[in-house]
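Novice: The structure that follows is given in the form of structure tokens.
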Amino acid sequence: MATATVTKGLEGVVAANSGICWIDGYAGVLAYRGIDIHELAQKSTFEETSYLLWYGRLPGRSELKEFSKRLTEARRVPPQIYDLFRALPKSVTPMEALRTAVSALSAYDPDESAVDHDSNLRKSFALTAQMAMLVAAFDRIRKGKKVVEPDPSLPHAANFLWMLHGEKPIPAASNTFDIALILHADHEFNASTFAARVIAGTLSDMHSAITGAIGALKGPLHGGANEAVMRMLFDIAKQGGDPVEYVRSLLAHKKKVFGFGHRVYRTEDPRATHLRRMSEQLSRDSGNTKWYEMSRRIEEFVKNEKKLNANVDFYSASTYTTLGIDLDLFTPIFAVSRIAGWTAHVMEQLGDNRLIRPRAEYTGPEYPVRYVPIEQR
Ligand SMILES: CC(C)(COP(=O)(O)OP(=O)(O)OC[C@H]1O[C@@H](n2cnc3c(N)ncnc32)[C@H](O)[C@@H]1OP(=O)(O)O)[C@@H](O)C(=O)NCCC(=O)NCCS
């Protein structure tokens, strides 16, 4: 029997060609369609970045206007989905509710099973607009508040904050949130994107691919890490102890410190650079630097002790908290952004599709094992 080399966790395995996102983990470079993330974070918007991911190039002025209009017009969620939110047990988390809602949305899609490019592009607009609405609406419904109607005059990031808080966000908040959406929009073959591509590769539908991606994102080794970071910071504050001693004890017990380490980056995650800066700025503006300062001390300690860098999730935790967002919405918000990348990857996968079906190195009982009839066992 031929033996293959097993690469646990598929580390370093190149599974397909892709023209969407490029990462140099040693140099700390991340680029969407060749454009450096630092430039996009400083100059772009979530709408323009989504165009870039889906169409492969930056839009012209009128193309961007048309794109933004189409995304705004796609802000429609069937009322039955909000009824579904109301019917879910009180214990449901926003991430579970989001996963369930996206799956349920397929029942209201006019062409659920269509996998041609135009249908998938239409679904990409719909799901990107809806994802933000779902997260905001679920939070309001669970708090017994009225769902806020989207405001067509607001761009995507500002509209999300408006629908969440029911107040027009100040420019600094919309701007920070817009940058966070740009930074999280895509990341090559991360676990959730790969899950989406595996599902799309079977010629299943867009909603199934995105539902699966949300399931993958939920885990604390992936998108769930931002929530885990904030739980840690809250826990430290509650205990009133020293953040460094808390983390020292985690490491001594061989536990992971969420928000650190990465499969691909061997240097600073370029997204963390922006989130650290935004966390600092927002906390100084708000007059409460507690979470930022705690994060800085932990970062310094983990870097010295374990040579591990903060990843995208570490400073997004304090950034979102300072924006007044509840911690169990952090991972759903990751999905609000990553939907742009997931849908781009589904469309790319289907542009040159082949079923994704790897092999396993068999380690079970040696063949042939005789079948023993039940009366002889
Ligand atoms: C991201 C992550 C899943 C990458 O995993 P990976 O490439 O499989 O790397 P491993 O988990 O095998 O880690 C390699 C080594 O570094 C250690 N390590 C990695 N991340 C660590 C962390 N956050 N805290 C403590 N130790 C960590 C591991 O314990 C392991 O040490 P060992 O070789 O002594 O056993 C991992 O770094 C992690 O679990 N981080 C915390 C979760 C997180 O923040 N996820 C979001 C990623 S953007």
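Novice: Please go through region 293-324 and give me each residue that is more than 9 Å from the ligand (Cβ to nearest atom), among the hydrophobic types (A, V, I, L, M, F, W, C) and assigned to a loop (DSSP other than H, G, I, E, B), ordered by number.
Specialist: L323, the sole residue that qualifies.
Novice: Would you call G241 assigned to a loop (DSSP other than H, G, I, E, B), out of contact with any strand residue (DSSP E or B) (no Cβ under 8 Å at 6 or more places or on another chain) and surrounded by 19 or more Cβ atoms within 10 Å (Cβ to Cβ)?
Specialist: When the stated conditions are applied, G241 does not pass them.
Novice: Looking at L233, L282 in this structure, which one is away from the ligand (no atom under 11 Å from the Cβ), in contact (Cβ under 8 Å) with a residue 40 or more places away in the chain, within 30 Å of A31 (Cα to Cα) and not in a loop (DSSP other than H, G, I, E, B)?
Specialist: Step by step, each of L233, L282 is checked, and only L282 is away from the ligand (no atom under 11 Å from the Cβ), in contact (Cβ under 8 Å) with a residue 40 or more places away in the chain, within 30 Å of A31 (Cα to Cα) and not in a loop (DSSP other than H, G, I, E, B).
Novice: On to the next question. Those residues that are over 20 Å from T176 (Cβ atoms) and touching a helix residue (DSSP H, G or I) at 6+ places or on another chain (Cβ under 6 Å), I need them from region 116-132; list them, please.
Specialist: Matches in region 116-132: N120, K123, S124, F125, L127, A129.
Novice: Also, quick follow-up: Write out, first by first residue and then by second, each pair whose Cβ atoms fall under 9 Å of each other, whose residues are 6+ apart or on separate chains, and whose first residue, in region 314-329, is touching a residue at least 40 places away in the same chain (Cβ under 8 Å) and within 21 Å of E96 (Cα to Cα) while the second is of a type outside the set (G, A, S) and not in a helix (DSSP H, G or I).
Specialist: Between residues of region 314-329 that are touching a residue at least 40 places away in the same chain (Cβ under 8 Å) and within 21 Å of E96 (Cα to Cα) and residues that are of a type outside the set (G, A, S) and not in a helix (DSSP H, G or I), the close pairs are A317/F258; Y320/D326; D328/T93.
Novice: Could I ask something else about it? Determine which member of the set L164, L250 is away from the ligand (no atom under 14 Å from the Cβ) and over 27 Å from G351 (Cα atoms).
Specialist: None of the other options fit; the residue is L164.
Novice: Does region 259-277 contain at least one residue that is β-branched (V, I, T), surrounded by fewer than 19 Cβ atoms within 10 Å (Cβ to Cβ), away from the ligand (no atom under 16 Å from the Cβ) and in a loop (DSSP other than H, G, I, E, B)?
Specialist: no
Conditions (1) outside the structural domain of P94 (by TED's automatic domain parsing); (2) within 27 Å of K290 (Cα to Cα), marked per residue:
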residue: I179; (1), (2): no, yes
residue: V198; (1), (2): no, no
residue: S208; (1), (2): no, no
residue: R231; (1), (2): yes, yes
residue: D242; (1), (2): yes, yes
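Novice: A further question on this structure: How many residues are surrounded by fewer than 14 Cβ atoms within 10 Å (Cβ to Cβ), within 21 Å of N309 (Cα to Cα) and among the small types (G, A, S) if we restrict to region 1-33?
Specialist: Qualifying residue count for the region: 3.
Novice: Name the single residue that is farthest from the ligand (Cβ to nearest atom) among those in region 200-227 being without any contact (Cβ under 8 Å) to a residue 60 or more places away in the chain and in a helix (DSSP H, G or I).
Specialist: G212
Novice: Only one of (1) under 30 Å from M347 (Cβ atoms); (2) away from the ligand (no atom under 16 Å from the Cβ) is not met by Q239, so which one is it?
Specialist: (1)
Residue-wise test of (1) of a type in the set (F, W, Y); (2) touching a residue at least 60 places away in the same chain (Cβ under 8 Å).
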site	(1), (2)
G12	no, no
A27	no, yes
I35	no, no
H38	no, yes
T45	no, yes
L52	no, no
L58	no, no
L64	no, no
F67	yes, no
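Novice: Examine region 20-30 for a residue that is in contact with a helix residue (DSSP H, G or I) (Cβ under 6 Å, 6 or more places away or on another chain), closer than 19 Å to T193 by Cα and not polar (S, T, N, Q), and state whether such a residue exists.
Specialist: Yes - at least one qualifying residue is present in region 20-30.
The values are calculated or read from the model by the stated rules, or taken from the named source; none is laboratory data. All values reported here derive from a predicted model rather than from experimental measurement. Cβ atoms come from the backbone with ideal geometry, glycine included; neighbour counts cover every protein chain shown.
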